[in-house]
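Taking it in order: structure first as structure tokens, then the write-up.
The values are calculated or read from the model by the stated rules, or taken from the named source; none is laboratory data. Bear in mind the structure is a predicted one, so any value in this text is a computation, not a measurement. Using ideal geometry, Cβ is built from the backbone for each residue, glycine included, and neighbour counts are taken over all protein chains shown. Side chains included, ligands, DNA and RNA excluded: accessible areas come from the protein's heavy atoms. Shrake-Rupley method; radii C 1.70, N 1.55, O 1.52, S 1.80 Å.
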Amino acid sequence: MTALNYADIGDVVPTVTGEPAMASDANASGDLRIGKLDRRQFLKLTGLVGGGLMLSFTTPRALANAAALQPNGYIKIDATGILIYAKNPEIGQGVKTSLPMIVAEELDAAWEDVEVVQSSIDQSLYGAQFAGGSMSIPMNWDSLRRSGAAARAMLLEAGAKRWGVEPSSLSTRDSHVVHAASGRKLAYTELAAEAAVATVPDPRSLTLKKRDQFRLLGKRITGVDNDALVRGEPLFGIDQSLPGMKYAVYQKCPAIGGKVASANLDAVKAMPGVRDAFVLEGNGNAGELLPGVAIVADNTFSAIQAKRALKVEWDESDASKDSWSDAKAEAERLRKESGPEVVNTGDVDGAFASSARQASGFYTYHFVSHATLEPQNCTAWFKDGALELWAPTQTPAQGIGSAAKVVGISPSKVTLHQLRCGGGFGRRLYNDFTTEAAAIAKRAGVPIKLQWTREDDMAYDLYRAGGFHQMDGSVDDNGRITGWRDRFVTFTNDGRRPVSGGSLGPGVFPAGLVDNVRVEQTALPWKNRCAAWRAPGSNVFGFVVQSFLDELAHAAGRDSLEVLLEVLGEPRQMGRRGGGMHTGRAAGVVELAAREAGWGRELPDGHGMGVAFYYSHAGHIAEVAEVSVGDQKQVKVHKVTVAADVGPIVNLSGAENQMQGSVVDGLSTMTSLSVTFENGRVQQSNFDRYPMLRMPSTPEVAVHFVDSDYPPTGLGEPALPPLAPAICNAIFAASGHRIRTLPISEEGFSLA
């Protein structure tokens, strides 16, 4: 539970150089605020196209004539129908459905009349186009609503002119303009040409719907791609095929930083189906193009067979020597020493000295992989000095920039087709795979599809960072928390700042909630790449702080729910400029989850309940887990109750899916997933040593949303952080064993 800003939470959008750019630039408080548009901005952001109505909220490209209509705005209405363009990458989080739903709501279009189309990549037209940080909904909420409302106003004006009545006498419903007095109505498609030349409304005149007026938002709407997915249509990067296309693989040094000294290229080239094999030197940026050997073949099988026959002598003089066992030993030593302070309020030493009881614990969590279902891939065609990419990326504009740089052309000569991603979780924020494909395509001279294997995906991921926390706390005679110290050992790639997702900020729990708090942070040198992983930072900090809060509650002999609510205190807005956690909203979801889960009821022998809350990505989420623990430390998670306050719900089906998916993902990760390193090399090469959760172990998940008029929050990430502490606290309640290590398999526990 924390009021971390986005810089604290982790990297959201990488730049084209591979160095991360912080989304905190938008608002250092941790919440995104979308500014209001004045009339001049609105006119600039609204485009009209002859023969139909087309609106966007950025400057559109000029179109020659109506016959050359292109999907350059959010809305296109003509005599044939209503198109709404989905601007952001779809990675399974549902934005290809939810973003157009926002437009359709204010447009008053019947959803069955709408065709959703994936937009082109054009930031001059659409603004930022990326999927990360749970920001698609909050960043686009206002602009999409105004786009729909503006189109609706122009359709009303067109209807008024057609009938010779005042616009105020008209209304809209289900893709029609309605004149109630006469009983007449006209479909939007019938008015599109006239609406295209209607007066552009003053943005101040636009009346947006109140939540109780929504007809579409908040309902369960199936994903717009669901039918195509069931039919197996080629929506993903891995599905792409071009005439004359060849297949490529790329072998890099097992230890990051190694270079090719020599390779048996001639022998590989002589293998059946192999067209070429060559060395790429890399461009000095580990986030773009590492050195390695590329193989181009007639099919994937031939390419992979050739890769297995490849023998490379690596120059590892500058390669990673990272060792998890060494890092753990060093952290054990550093836990006893003070480090640089991130937070120091009150008198922690005095609180400990005068305390009635204390608790201490050393918490550890491992590195983990993104393990996307679809391994990284990209199709690329370099022809006549231009590059075309078909890429499942979360950051397409950055993919264009890095690919252009590596092949030595202007970004204007790069076209990237936005494809559905087979999972992201932060991995596809980084475009090393698109850059590799671009470099190979330039050398190959034909269209190529670069395909990573699962082993590649595990070995060259950008991992969630591991970490260590020495936690110490104190309570007074009344069982109130009086002192809190978190001595954090993290990692650094450059010696200047912690790795992505490995940095605590001044708003970390319980700063601002407990009088005496000290948080220290020491970073160990590390060469392997770390990056954003679902709910960066929060995904592990939540485990530590909410588990230790439970530990202190038990040390005080008190109910942990009671202590959590006591720490939250009176309702108030926290964070710089009031942009962080709201303790009243936090308490509201804690109480809702506890009530729905039946907190305090009598449980069967061997059962226990645990509660946890976390504020992440502007979402207030509480979870209560009920588990039982068997004789062999086998854990059965019976039910997880989730309560969320994330503002208005756009698509109830998608929102529930994200909550449930976060629980399943969090449970899978906390149970048995870890990535370890020795001599710079990843020790887990495939799912046989990285065992994902199996369906029989999936618990019942009950999701409850608070009706809220606060600005909406994304849902891809905030429900994951409370899961691990809720379950670990429940394990303690059921067994008396305090879990302080993730995955819990490190302490001998497994799922039943």
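Miscellaneous remarks
- The range 67-82: number of residues that are at pLDDT 80 or above and either assigned to a strand (DSSP E or B) or touching a Pro at 6+ places or on another chain (Cβ under 6 Å) (or both): 6
- Single residue of ALA655, ALA644 found to be among the small types (Gly, Ala, Ser), closer than 15 Å to ALA702 by Cα and assigned to a strand (DSSP E or B): ALA644
- Check on TYR710, part of a loop (DSSP other than H, G, I, E, B), of a type in the set (Ser, Thr, Tyr), assigned by TED's automatic domain parsing to the domain that holds ILE621 and over 29 Å from TRP526 (Cβ atoms): yes
- Subset of the range 694-727 [closer than 15 Å to HIS638 by Cβ and either open to solvent by 10 Å² or more (accessible area, probe 1.4 Å) or in contact with a Phe, Trp or Tyr (Cβ under 8 Å, 6 or more places away or on another chain) (or both)]: PRO696, SER697, THR698, PRO699, GLU700, VAL701, ALA702
- For the range 170-215, the set of residues classified as open to solvent by 40 Å² or more (accessible area, probe 1.4 Å), assigned to a helix (DSSP H, G or I) and among the aliphatic types (A, V, I, L, M) consists of ALA193 only.
- Filtered residue count, the range 543-567, keeping only those that are touching a helix residue (DSSP H, G or I) at 6+ places or on another chain (Cβ under 6 Å) and over 21 Å from GLY598 (Cα atoms): 1
- Checked against the criteria, GLY501 does not count as free of Cβ contacts under 8 Å to residues at least 40 places away in the same chain, assigned to a loop (DSSP other than H, G, I, E, B) and open to solvent by 10 Å² or more (accessible area, probe 1.4 Å).
- Taking residues in the range 181-206 that are within 9 Å of ILE77 (Cα to Cα) and of a type in the set (Val, Ile, Thr), and partners anywhere that are outside any helix (DSSP H, G or I) and open to solvent by 30 Å² or more (accessible area, probe 1.4 Å), the pairs with Cβ atoms closer than 9 Å and at least 6 places apart or on different chains are THR189/ALA79; THR189/THR80.
- Just one of (1) assigned by TED's automatic domain parsing to the domain that holds HIS469; (2) farther than 29 Å from ALA531 by Cα; (3) surrounded by fewer than 16 Cβ atoms within 10 Å (Cβ to Cβ) fails for PHE301. It is (1).
- Under the condition of being more than 21 Å from the chain's Cα centre (by Cα) and closer than 26 Å to LEU549 by Cβ, the residues counted in the range 508-530 number 15.
- Unique residue being touching a residue at least 12 places away in the same chain (Cβ under 8 Å), aliphatic (A, V, I, L, M) and in contact with a Leu (Cβ under 6 Å, 6 or more places away or on another chain) when the list is VAL611, VAL589: VAL611
- Of all residues in the range 386-401, those being crowded, with 23+ Cβ neighbours inside 10 Å and either within 20 Å of ALA86 (Cβ to Cβ) or basic (Lys, Arg) (or both) number 11.
- Conditions (1) touching a strand residue (DSSP E or B) at 6+ places or on another chain (Cβ under 6 Å); (2) open to solvent by 30 Å² or more (accessible area, probe 1.4 Å): number failed by PRO272: (1)
- Residue satisfying condition, being touching a Ser or Thr at 6+ places or on another chain (Cβ under 9 Å) and not assigned by TED's automatic domain parsing to the domain that holds ARG485, within set GLY339, GLY424: GLY424
- Taking helices (runs of 4 or more DSSP H) as the structural unit, those lying wholly within the range 510-608 and holding at least 1 residues that are within 30 Å of SER320 (Cα to Cα) and open to solvent by less than 10 Å² (accessible area, probe 1.4 Å) correspond to 538-555.
- GLU747 meets the conditions (1) open to solvent by 40 Å² or more (accessible area, probe 1.4 Å); (2) out of contact with any helix residue (DSSP H, G or I) (no Cβ under 9 Å at 6 or more places or on another chain) in every case but one. The failed one is (1).
- Residue check, ASP665 over 20 Å from GLN546 (Cα atoms), charged (D, E, K, R) and either open to solvent by 50 Å² or more (accessible area, probe 1.4 Å) or assigned to a helix (DSSP H, G or I) (or both): no
- Where strands (runs of 3 or more DSSP E) fall entirely within the range 402-492, those with at least 1 residues that are closer than 19 Å to PRO291 by Cβ and either open to solvent by 10 Å² or more (accessible area, probe 1.4 Å) or in contact (Cβ under 8 Å) with a residue 24 or more places away in the chain (or both) are at 448-451.
- With respect to the conditions (1) acidic (Asp, Glu); (2) part of a helix (DSSP H, G or I); (3) in contact (Cβ under 8 Å) with a residue 40 or more places away in the chain, GLU112 falls short on a single one, namely (3).
- Of the numbered criteria (1) within 30 Å of LEU216 (Cβ to Cβ); (2) out of contact with any Leu (no Cβ under 7 Å at 6 or more places or on another chain); (3) open to solvent by 10 Å² or more (accessible area, probe 1.4 Å), the one PRO648 fails is (2).
- Unique match (being without any contact (Cβ under 8 Å) to a residue 60 or more places away in the chain and either touching a Ser or Thr at 6+ places or on another chain (Cβ under 6 Å) or not β-branched (Val, Ile, Thr) (or both)) among GLY361, GLY385, GLY350: GLY385
- Check on PHE236, open to solvent by less than 30 Å² (accessible area, probe 1.4 Å) and touching a Lys or Arg at 6+ places or on another chain (Cβ under 7 Å): no
Each row is one residue, and each column tells you yes or no for (1) open to solvent by less than 10 Å² (accessible area, probe 1.4 Å); (2) at pLDDT below 95.
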position: GLU115; (1), (2): no, no
position: ILE121; (1), (2): no, yes
position: LEU125; (1), (2): yes, yes
position: GLN129; (1), (2): yes, no
position: LEU144; (1), (2): yes, yes
position: MET154; (1), (2): yes, yes
position: GLY159; (1), (2): yes, no
position: VAL165; (1), (2): no, no
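- Yes/no for ALA306 being part of a strand (DSSP E or B) and either charged (D, E, K, R) or under 22 Å from PHE382 (Cβ atoms) (or both): no
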